[in-house]
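**Q** Supplied in structure tokens, the structure appears directly below.
The values are calculated or read from the model by the stated rules, or taken from the named source; none is laboratory data. Every value quoted in this text rests on a predicted model; they were computed, and no experiment measured them. Note that we place each Cβ from the backbone using ideal geometry, even for glycine, and neighbour counts take in every protein chain shown.
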Amino acid sequence: MEMKAAKITPFLWFNNNAEEAVKFYTSVFPHSKVVMTTRYTAEGAEVSGMPKGSVMTVSFELQGQKFVALNGGPHFKFTEAVSFVVNCDSQQEIDYYWEKLSEGGDRKAQQCGWLKDKYGLSWQIVPSNLGELLSDPEPGKTANVMKALIRMKKLDVDALQKAKLNGQVEYPEFQN
């Protein structure tokens, strides 16, 4: 039996600011767009408690990845159990996404490349080669990278590479 590739779309539950969040996310990520907006009908409004005619869902794409945002009310909140990884090819990209996505977010939630944005959604802003840095056949090198990484909030690619190459793991500017 031949199976088609599954089409999986992350579905994000917001209280009542899905449209605002989508505008923010599509402004941060290049090659992104709003695809479609649906509104609550009288029937949907009655069941959900949301105003008739208000935004129900916003379908959007961030760099080709499809998402749907729902205004579903205050019943559910985002947790760190789910996050989105942004793989960056340079420190400049890491700095850009970190600055944009952390603006207005929970500063206490920033650790090891993780952050929470102003909507409570968790992101991991990491170098594209992080897996490579953390999987050296020599366990000591991997341990040195991890020692450096756990001292950082926003990840520093050069510091991680130095930790792998020469074991230098003291980076006081990154300590909490």
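**Q** Out of everything in region 24-44 that is in contact with a strand residue (DSSP E or B) (Cβ under 9 Å, 6 or more places away or on another chain), within 22 Å of LYS118 (Cα to Cα) and hydrophobic (A, V, I, L, M, F, W, C), what residue ends up being surrounded by the fewest Cβ atoms within 10 Å (Cβ to Cβ)?
**A** Filtering region 24-44 for residues that are in contact with a strand residue (DSSP E or B) (Cβ under 9 Å, 6 or more places away or on another chain), within 22 Å of LYS118 (Cα to Cα) and hydrophobic (A, V, I, L, M, F, W, C), the one surrounded by the fewest Cβ atoms within 10 Å (Cβ to Cβ) comes out as VAL34.
**Q** Name the residues in region 48-61 that are under 23 Å from the mean Cα position of the chain (by Cα) and part of a helix (DSSP H, G or I), would you?
**A** Scanning region 48-61 gives no hits.
**Q** Enumerate the strands (runs of 3 or more DSSP E) found wholly within region 62-176, keeping only those where 1 or more residues are within 13 Å of the chain's Cα centre (by Cα), of a type in the set (Ser, Thr, Tyr) and surrounded by fewer than 18 Cβ atoms within 10 Å (Cβ to Cβ).
**A** 83-88
**Q** Checking SER48 against (1) free of Cβ contacts under 8 Å to residues at least 60 places away in the same chain; (2) surrounded by fewer than 12 Cβ atoms within 10 Å (Cβ to Cβ), only one condition comes out false. Which one?
**A** (2)
**Q** Please determine whether any residue of region 110-126 is more than 30 Å from PHE76 (Cα to Cα), in contact with a Cys (Cβ under 8 Å, 6 or more places away or on another chain) and of a type in the set (A, V, I, L, M, F, W, C).
**A** No, that holds for no residue.
**Q** On to the next question. Taking the stated definitions as given, is ALA45 aliphatic (A, V, I, L, M) and either part of a loop (DSSP other than H, G, I, E, B) or at pLDDT 95 or above (or both)?
**A** In short, no.
**Q** Next question, about the same structure. How about region 19-42: which of its residues are β-branched (Val, Ile, Thr), more than 20 Å from ILE125 (Cβ to Cβ) and outside any loop (DSSP other than H, G, I, E, B)?
**A** VAL34, VAL35, THR37, THR38
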